[in-house]
Every structure is written in structure tokens, then in C-alpha cells.
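The values are calculated or read from the model by the stated rules, or taken from the named source; none is laboratory data. Since we're looking at a predicted model, the values are computed, not measured. Methodologically, a virtual Cβ is constructed for each residue, glycine included, from the backbone with ideal geometry; neighbour enumeration extends over all protein chains shown. Side chains are part of the model used for accessible areas, which takes the heavy atoms of the whole protein and leaves out ligands, DNA and RNA. Shrake-Rupley method; radii C 1.70, N 1.55, O 1.52, S 1.80 Å.
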Amino acid sequence: SQLITTINDVLINKAIEFAFAIMAEKNQFKPDVSFSWISLGSEGREEQLLRTDQDNAIIFEDVDPAQLNYTRDYFVLLARQVNDILHQAGFDYCPANMMAGNPDWCLSITEWKKRFSDWIHSPDKGALLFSTIFFDYRYISGEPELVESLNRFLINKVKSEKIFLNFLAKNATQNPVPLSFFKNLIVERSGTHKEEFDLKARALMPLTDIARLLCLEAGNLTTKNTIERYLFLAEQDESRKALYLQAAQAYEFLMHFRATEGFKNKDSGRFIPIKQIS
């Protein structure tokens, strides 16, 4: 996954370079404004093993109100070029349009801080869903200080709004359970994936959500990878060290298993045909 992350990061940076050149050819010149391209979701956590859809966003520095619309319009157009180039390279568009080419996810640093504050202050179902995606942001290109500024802001914000973590914890328990009362794997009962086990929703996501939550509680916003989060937690809490190490080992195994199943079945490896497993 570290190797794939390195390759993906290089591809994204090259796509951004190409996009700037395309914009210049169209006489759309970059404003003198720094920006940062961030990846979200599994790419943000450095956990992509198989090709997947795009989840990304842009942070740009604060500008005068009179310049805001032009600045945003430029970066939205730039991002759409990047999204298109990545799509040509094999990365699907995000079905939910959580991409930097969507003006909702191309914001100034102050707007991003307000957006996160709104999610923390009003943790409804939608806000919690966005939190599980956007708290896994990771710097890819541009000005790293913008991401570091957001990190500092959020560390203090989460500390002062501990009740948000309670809502995030409750949300983490809403993931579908993997086992029945009799310890059998629970498979899909209908639809395209009938009689298949949803490895992502029932096994990987619960571990991902718990690791994110506990790291936020510990004030660690810089560690994004789920396994590294559990290793960090193991160092911080001696009383639960064995449990966290087991969680890290389980997650690593599940990622490996999903990748091998995906290669074998020529798909994402998310849904596992139980009858094919020994």
C-alpha cells in the first residue's frame, strides 16, 4: 500500500502539472495565491491497493472578498482538469462528487475551518458522514502550511468540543456487524451481491472508524493510516496495547485478503463469495 500510495501521489502531482499547462494554454493564468491539493478517504489514509475512485479537495489561502470568486473559479477549473486527467489514467470519478472540481470542496483555509466547525458543532447524520471522509485528509501538493494550519485549528477545536467525539463514536457503532449470534459471517441477502460478504462495510470500516475516533480523542490529526493509528494508540495506552496491536494485525490481514480476492475476481475485492473460501 505504501508503494501504491507513492505511485498515486506521483501521478496526482503530474496531473496537476499537466492541468496548469492546459490552463495556461487557454490563457487562464494562476492567481498569485498559494493552494494545497489534499486526498481523502482511502487515498488519504494511504490504503489503496486496487484502483478506485477519486476523493480529493483543494485548500487555497485567504484572499480579499473581491478576489474570492475569481480565485475559486480558477481552482475549480484547474481541479476539473486534474480530475479529468486522473480519470483518463484509470481513476474513476467519485459517484458522490467529492472531488476538488466541485466548488463545495474547493475552499479557502478560513472556509475550510468554518466547514469543519459546522460539522463539529452540528453533528447530524450528514456531518458525521463527511467527518469520516474529510478527517482523513492528507497533503499531496502545493503549500503544506495550509494543511498544517488546518491541523492546528482542528486539534484545538476537537479538544474544546469533546461532545463531537461522542456522536462520532455512536456513528462508528452503526456499521453493519460482521458476525451473527452464532458467529457465522453475515452475507448480503439480496441484490447483485447476494450471498456475498461485504468486506469493506462489515470488516474494514468498523476498524477504520474506531482508529480515527481514538486518534482524534488523543489529539493526533497527523497520523492517517489505520494501521499506524493503532500502533500509535498501542504506544499511548499500555493497558490496551495488546488489543490495539491485534486490531492493526487484523486490518493488515483484511487489506491483504481484499487485494488478493480483487486480483483473483478482477474487481475491487469488496464483496467476497463465501462459498469460494476454504
Inset, instruction - Can you give me the number of residues within region 89-106 that are more than 17 Å from the chain's Cα centre (by Cα) and at pLDDT 95 or above? - result: 1
Inset, instruction - Would you point out which residue out of Ser122, Ser131, Ser141, Ser117 is over 20 Å from the mean Cα position of the chain (by Cα) and not β-branched (Val, Ile, Thr)? - result: Ser122
Inset, instruction - Determine which member of the set Leu221, Leu233 is in a loop (DSSP other than H, G, I, E, B), under 24 Å from Asn151 (Cα atoms), open to solvent by less than 20 Å² (accessible area, probe 1.4 Å) and in contact with a helix residue (DSSP H, G or I) (Cβ under 6 Å, 6 or more places away or on another chain). - result: Leu221
Inset, instruction - Please find, within region 129-147, the residue that is nearest to Asp55 (Cα to Cα) out of those that are touching a Ser or Thr at 6+ places or on another chain (Cβ under 9 Å) and exposed (fewer than 15 other Cβ atoms within 10 Å of the Cβ). - result: Pro144
Inset, instruction - Can you tell me which residue among Lys241, Lys266 is open to solvent by 70 Å² or more (accessible area, probe 1.4 Å), out of contact with any Phe, Trp or Tyr (no Cβ under 6 Å at 6 or more places or on another chain) and either among the aromatic types (Phe, Trp, Tyr) or at positive phi (or both)? - result: Lys266
Inset, instruction - Pairs only if they're at least six apart or on different chains, beta carbon under 9 angstrom, first in region 123-136 and part of a helix (DSSP H, G or I), second buried (at least 19 other Cβ atoms within 10 Å of the Cβ) and hydroxyl-bearing (Ser, Thr, Tyr); list them, first residue then second. - result: Thr132/Thr208
Legend entry - Of the criteria (1) aromatic (Phe, Trp, Tyr); (2) in contact with a helix residue (DSSP H, G or I) (Cβ under 9 Å, 6 or more places away or on another chain); (3) open to solvent by 40 Å² or more (accessible area, probe 1.4 Å), which one Phe164 fails: (3)
Legend entry - From the options Ala100, Ala79, residue that is crowded, with 18+ Cβ neighbours inside 10 Å and closer than 26 Å to Ile155 by Cα: Ala100
Legend entry - Of the criteria (1) modelled with pLDDT of 95 or more; (2) over 19 Å from Thr132 (Cα atoms), which one Pro178 fails: (1)
Inset, instruction - Restrict the check to region 181-197 and report whether at least one residue is touching a residue at least 24 places away in the same chain (Cβ under 8 Å), closer than 17 Å to Gly44 by Cβ, in a strand (DSSP E or B) and among the aliphatic types (A, V, I, L, M). - result: no
Inset, instruction - May I ask you to list the residues in region 206-218 that are surrounded by fewer than 18 Cβ atoms within 10 Å (Cβ to Cβ) and not acidic (Asp, Glu)? - result: Ala218
Inset, instruction - Taking Ala24 as the residue in question, decide whether it is open to solvent by less than 70 Å² (accessible area, probe 1.4 Å), over 23 Å from Leu204 (Cβ atoms) and either out of contact with any Phe, Trp or Tyr (no Cβ under 8 Å at 6 or more places or on another chain) or touching a residue at least 40 places away in the same chain (Cβ under 8 Å) (or both). - result: yes
